[in-house]
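Right, one structure below, let's go through it.
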Amino acid sequence: MKKILLSLFVTTSLFLNLRADEGMWIPMLLQNNEQEMQEMGMNISVEDIYSINNSSMKDAVVLFGGGCTGEIVSDKGLLFTNHHCGFDWIQYHSTVEHDYLTNGFWAMSFEEELPCPGLTAVMLKKMEDVTARVLEGVDERNMSAEERSEIVKNNIKKIKEEAEANTDYEVEIKSFYHGNQYYMIYNEVFKDVRMVGTPPSNIGKFGGDTDNWVWPRHTGDFSIFRIYVSPDGKAVEYSEDNMPYKPNYHFPISLKGVEEGDFTFVFGYPARTNEYLPSVAVDQEANVIYPVSVDLRGKILDIYNKYQEKDPKVRIQYASKHAGLGNGWKKWMGVTEGINNFKGVEKKHAFDKQFTKWAYQSRARGAYLELIKEFEKLYAEYEPYRLATTYLSETALQIEVLTFAANFNRLSKVTKDTPQEEIDKLVANAKEAAKVFFKDYHQPIDEEVAAMVLQEYINNQPADFRPELLNTIVEKYDNVQAYVDELFAKTMFASEENVNKFLDEFKPSKAKKLAKDPALMAYNNVMDFYFDNVRNKSVELNGQIAELQRVFMRGQMEFHAEQNPDKMMYPDANFTLRVTYGKVGGFSPRDAVRYKHFTTLDGIMQKENPDIYDYVVTDRLRELYENKDYGRYADKDGSMHVAFIAGNHTTGGNSGSPILNADGHLLGLNFDRTWEGTMSDLIYDPSICKNISVDVRYVLFIIDKYAGATRLIEEMTIVE
Ligand code: ARG
Ligand code: GLU
């Protein structure tokens, strides 16, 4: 009896009841969701959100910088995204003299807006289902996986080339449902995107990594950019003659705020989720791989912290590296804890069994009978290779001097026959790499990290997975520290002066010496080992797993269609534009604790601590707070709302996404999830999985009242 109940429960939680808040939907297919969205409170139609014939909201959402989302908020191409999405560019433009990270930056005219070479904003123009064409010639039953994938690859190439010949847009073909469906996407790629404004870090990153992934939250996580195009409206590279872009649509901004139960939706670019894995995969991810990364990164971050606290210059230099490592570190901790608290592996396991049982009920389901068993076998085989890759990337490749040296590999292979022109180019590239590298390099950190990570690498990888370098260290040196001391004493790559001198005097006869540099040798040693002993096998196993997953996905879709015919299944995130919707509301993370759905400026003052970097409050903000000088941006309760949570199914890449109200007006910018719910990339539980957004009224308050950049407010369409 117990067993039956359990399996019923699993079916319910994972499939039958796909709750409104779960799901990342393809905008082009949103008709299927329209009724539900309207029942939940939406006042507009899905045609307003996505239309190919008329201007619609999709014309105001972009993939920002390849990893985040941005939204257009004026008819002059003004773009909102998160502070942490603009972070690298804020850092890029910052120096000790012009420290925009610390002090913020506000362009008070178009002329002051700062070009960001390499930054792009990608806008989806249209998409179409090309599944039938991609799968043309595929015979599901009588074909090997290799044959199948060869056909698919060739079809994709052909379809893409054909499309490209007939359009100025960039074309991509993406797999959905793990290779069961394909869509072709046409994108406009804007290449002149300029930095317009950013609050100081103690607003834009208030709470820092301490509060990251955590509710309640008080981060003003926004920054402002602008798209520029050529005078005739083309998406071109930066030029002085370029003009602000005139979009087909921009989001009106609501000053009404949110209340518990309000309908919201989020429109953006979620990167990757894996909601349809077998239990063995979830277990491996949450209980084997993540804990290793978490442990190693935690130790590196301790070292960063120690030096960053001592020296303001180092604090800036390592800000971005720290944020990058720290983000995954904390998230994965949350995933493991969430999966275990939620009994996620057990629930997946019960489903695996139920699925297999279902497969045995009909002859037509032969392809699914052994799936779970095969997954178990393959994942077991894959595990040591995954660990080897994880160790490599979280240890040796965290030694900065090694990865920097890698930039010189080609130069080290130059001979007297290499054309001078090519040498000049290699030298120029290396010089550029050196400039970027040394701007943010602090050797004492690197030395300490190197000793720590190499020791971990040695301690934790079995003989078969140890690059020669590790054995050399063990056999030839008294200890790891002795090796590290020698490495840094002998390599030229830790000294900007030596590197530049070497490059200035470079001639082919010096290539040999370069190849013998211990940092370059160490790098090549670990990478060669990886390519010879880890990579090929990993790719092979990964390919086999992907093939199983494709079949498993198809099986789950059939299973689901039978059990619950009028509910759709959404495809895993794959960095394509999606819509997710859910209601505003607090939640209960654990016994006796209830979270409210919004935070206010009072909370910032409660957290304030001038001695802790993450919790410093500027005099200007305190003054506005004390005078309650919030203007029209105050909530009707009189306070200044800062952030709120809602039940939207988001993931990495949704940062900066617009969160919109029932009328499609901008309420805020998505920037995070609650820690308790980070497992939602693997299993979604609506009771604890919430997305965190900064309230757009706080954004405008900072722009207008705090910074006085009123010219930007004047461009926007504001709904009082
Ligand atoms: N956790 C958010 C995301 O995944 C924000 C990361 C940046 N913020 C930070 N404090 N590191 O991107
Ligand atoms: N901060 C994440 C990002 O950069 C979004 C939060 C999430 O993972 O949900 O995309």
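So here's what we get for this one:
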| read-out | value |
| --- | --- |
| Cα centroid of the range 669-707 to Cα centroid of the range 640-666, whole Å | 6 |
| Segments 210-220, 504-514, 50-60 sorted - mean Cβ within 10 Å per residue, highest first | 210-220, 50-60, 504-514 |
| Ordering of 412-423, 386-397 by burial proxy (mean other Cβ atoms within 10 Å per residue, highest first) | 386-397, 412-423 |
| Phi-based couplings in Hz for the range 177-186 (Karplus 6.51, -1.76, 1.60; Gly and Pro marked x) | 6, 6, x, 9, 9, 9, 10, 9, 10, 9 |
| Cysteines without a disulfide-compatible partner [the chain; Cβ-Cβ under 4.7 Å] | Cys116, Cys689 |
| Once the Cα gyration tensor of the range 522-649 is diagonalised, semi-axes √(5λ) in Å | 47, 30, 14 |
| Greater than 20 Å apart at Cα, pairs in Lys299/Lys321; Lys331/Lys607; Lys357/Lys537; Lys321/Lys435 | Lys331/Lys607; Lys357/Lys537 |
| Distribution of pairwise C-alpha distances over the range 144-203, 5 Å bins, in % | 4, 14, 17, 16, 11, 9, 7, 8, 6, 5, 2, 0 |
| Mean projection area, nm², convex hull over Cα of the range 490-584 | 13.4 |
| When each of Lys313/Lys513; Lys596/Lys636; Lys353/Lys377; Lys310/Lys705; Lys416/Lys516; Lys126/Lys583 is checked by Cα-Cα distance, pairs over 22 Å | Lys313/Lys513; Lys310/Lys705; Lys126/Lys583 |
| The chain: Rg to Rh, with Rh as the Kirkwood radius over Cα pairs | 0.96 |
| Sequence ranges 458-470, 336-348, ranked by mean other-Cβ count within 10 angstrom, highest first | 336-348, 458-470 |
| Entries of Lys125/Lys425; Lys425/Lys510; Lys431/Lys510 with Cα pairs more than 27 Å apart | Lys125/Lys425 |
| Span from the the range 208-239 Cα centroid across to the the range 370-442 one, whole angstrom | 29 |
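Quick note: the coordinates plus some simple rules give every number you see, no bench work behind them. What you see is a predicted model; the values in this text were computed from it and never measured. For neighbour counting, all protein chains shown are included, and Cβ atoms are generated from backbone atoms with ideal geometry for every residue, glycine included.
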